[in-house]
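Colleague: Below is a structure I'd like to ask you about.
Bear in mind that the values in this text are calculations on the coordinates, not laboratory data. Just so it is clear, the model here is predicted, and its values are computed rather than measured. FYI the Cβ positions are ideal-geometry reconstructions off the backbone, even for glycines, and counts take in every protein chain you see.
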Amino acid sequence: MFALFSQYPTFMVFLAFAIAVALVILLMPAWIRVLTRKHIGQQVRADGPESHLVKQGTPTMGGVVMLVAVCVSVVVTGGASAEVLVLLVATLLTGLLGLIDDASKVVKERSLGLTPKAKLVGQFLIATAFTLVAVNLLGVAPTLDIPFVCNLDLGVLTTTVFGISIPWLYLAFVDVLLVGMCNAVNLTDGLDGLAAGTVMIVMLVMAAIGFRTGSLGPALFAASLAGACVGFLWYNSFPADIFMGDTGSLALGMALGCLAVLTKTEFLVLIIGGLFVAEALSVMIQVFYYKKTKKRIFLMAPLHHHFEKKGWSETKVVVRFWIVSGFLAATGFFVYFVQSLLGAV
């Protein structure tokens, strides 16, 4: 039936968004009941804000339903192109890694699941495989476009092994970008509605970029992710009935990084997803400074906990971070749009 609308790409993007919203809203209650019955709940970090102790035992792994909704939405709207299949595989594999981590936390009844090393190794393997497929099969150029400055050729050091081109500099950059985004979104997922709301905003911008570049598949994929986040917010808004867990947050971070690669916005995504970058940097700065001085720069890291410690309510932090994320995403899109217009002149 939807094939009738295939000649209307704008409608298809909105349809992908709407289907993902509806599926998550419809399926999540049953998933919450299953998790509650199985006593699969969030393990709250002992050194976190005291106000978060009431979240102990709240169902987690909501990311499972989100990913199912994204898959169905993309397939139904006809976005199962080679680009989308690669995006889906990378996202689902990362979600599987997060699911194993979430399950480990539940079994061990502690806030830490897989070891950091195990998670990083898994993320780097997925990122490396995605990058090599993107370059060799999807024709992604191993370049880095810095708007209004230059276009760096990161393919100058390329070797071919068994017919597979390996652009070492570009591979290293994208690996760091994708793994960084994975963990940045994961760190942002610390308050009710924070990660889902900010990812939704960012994905809407990525959908717009994909649409403008004529890449309908990535646009449908980004719109589906945005829709899944909106549907999830119905149950994740304060006080949350369920958390997305690492299943959702790691997958969403990987999806964002992969979309940046396919739309050639690897540099701009650092602005569009600037809030995630700030959250990750706050942790890195805090750890580095504490090791050197035994003092803390922030009252608590990641950054959203710092403002909680300053007396902001959880909802105030979340809404204000949404606003900041919206401003950064809009700024990134503005830069992209202006550059594309000037390039067309």
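Colleague: So if I take the centroid of the Cα atoms in segment 277-296 and the same for segment 204-247, what is the distance between those two points in Å?
Modeller: 30
Colleague: Sticking with this one: Compactness ratio of the chain: Cα Rg over 2.2 N^0.38 Å, N = residue count?
Modeller: Here the answer is 0.97, to two decimals.
Colleague: Separate question: Cα to Cα, under 20 Å, and not fewer than 8 places away if on the same chain: which aspartates and glutamates meet these conditions relative to residue 264?
Modeller: Straight-distance partners of residue 264: 83, 145, 153, 175.
Colleague: Of 37, 212, how do they rank once you tally other Cβ atoms within 10 Å and put the fewest first?
Modeller: The order, fewest Cβ neighbours first, is 37, 212.
Colleague: Using amide H atoms built in the peptide plane, which far-off residues or other-chain residues are under 5 Å from residue 267 H to H?
Modeller: 145
Colleague: Here's a follow-up. Run down the lysines and flag those whose C-alpha is under 28 Å from the C-alpha of residue 309, throwing out any fewer than 8 positions away in its chain.
Modeller: The reachable lysines, counting only those whose Cα sits under 28 Å from residue 309, are 55, 105, 291, 292, 294, 295.
Colleague: With springs only between Cα atoms under 10 Å apart, run a GNM on the chain and tell me which of 68, 269, 287 wobbles the most.
Modeller: 287
Colleague: Rank 147, 218, 302 by mean-square fluctuation in a GNM of the chain with C-alpha springs under 10 angstrom and give only the top-ranked residue.
Modeller: 147
Colleague: Taking the Cβ of residue 234 as the centre, find all other residues whose Cβ is under 13 Å away and add up their charges (Lys, Arg: +1; Asp, Glu: -1).
Modeller: Local charge sum for residue 234: -2.
Colleague: Counting helices only, and only those DSSP H runs with n ≥ 4, report the 222 nm mean residue ellipticity of the chain as the sum of -39,500 (n - 2.57) divided by its residues, in deg cm²/dmol to the nearest 500.
Modeller: It lands at -23000 deg cm²/dmol.
Colleague: So, one more: For the chain, calculate the relative contact order in percent as a whole number, restricting contacts to Cα pairs under 8 Å that are 6 or more residues apart.
Modeller: 24
Colleague: Among 26, 216, 268, which one shows the biggest mean-square fluctuation in a GNM of the chain, springs joining Cα atoms closer than 10 Å?
Modeller: 26
Colleague: Take 170, 289, 8 and order them by how many other Cβ atoms sit within 10 Å, fewest up front.
Modeller: 8, 289, 170
Colleague: Fewest Cβ neighbours within 10 Å first, please rank 192, 241, 246 accordingly.
Modeller: 241, 192, 246
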